[in-house]
Amino acid sequence: MPGIEEVVGLARRVQERAYAPYSGFRVGAVLETVDGTLYAGCNVENASLGLTLCAERGALAAAVAGGDREFRRLVLVTDGSKAVAPCGA
């Protein structure tokens, strides 16, 4: 199983790829399966706010496309100084 440092490191790397020109709030997410496979996602904003893709949904879509549906943990990273909850969508 990957350690927390590895998971957070991956989330930070994918966060750098986020596309957030409207909010400036870049998010990276890593979803870990029960067998230790990691799937990453970042937020992708759209001028139409409703079409914005949150990092969590990106990671979940990648996991499902990869054939996984059982998860152990979700790690989120932002540039903020406080912890954030997963996207409500």
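The values are calculated or read from the model by the stated rules, or taken from the named source; none is laboratory data. Small disclaimer: the values here were computed from a predicted structure and weren't measured. Every residue, glycine among them, receives a Cβ derived from its backbone with ideal geometry; neighbour counts consider all protein chains shown. What goes into the accessible areas is simple: the full protein's heavy atoms, side chains included, and nothing from ligands, DNA or RNA. Shrake-Rupley method; radii C 1.70, N 1.55, O 1.52, S 1.80 Å.
The figures follow:
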read-out	value
Sulfur and carbon atoms: percent of accessible area, the stretch 50-89 [1.4 Å]	54 percent
Under Karplus coefficients 6.51, -1.76 and 1.60, residue-wise ³J(HN,Hα) of the stretch 32-40 in Hz, glycine/proline x	9, 7, 5, 9, x, 5, 10, 10, 10
Cysteines not pairable in the chain (beta carbon separation under 4.7 Å absent)	Cys42
Over the chain, equivalent-ellipsoid semi-axes from the Cα gyration tensor in Å	22, 15, 10
Relative contact order for the chain, counting Cα pairs under 8 Å that sit 6 or more residues apart, in percent	30 percent
For Arg72, residues with placed amide H under 5 Å, excluding near neighbours	Glu32, Thr33, Val34
Rounded accessible area per residue of the chain, 1.4 Å, Å²	60 Å²
For Arg26, residues with placed amide H under 5 Å, excluding near neighbours	Asp79
Under 12 Å, Cβ to Cβ, from Gly88 - net charge with Lys/Arg +1 and Asp/Glu -1	0
Crossing angle, helix 4-15 versus the chain [Cα axis fit, 0-90 degrees, rounded to tens]	30 degrees
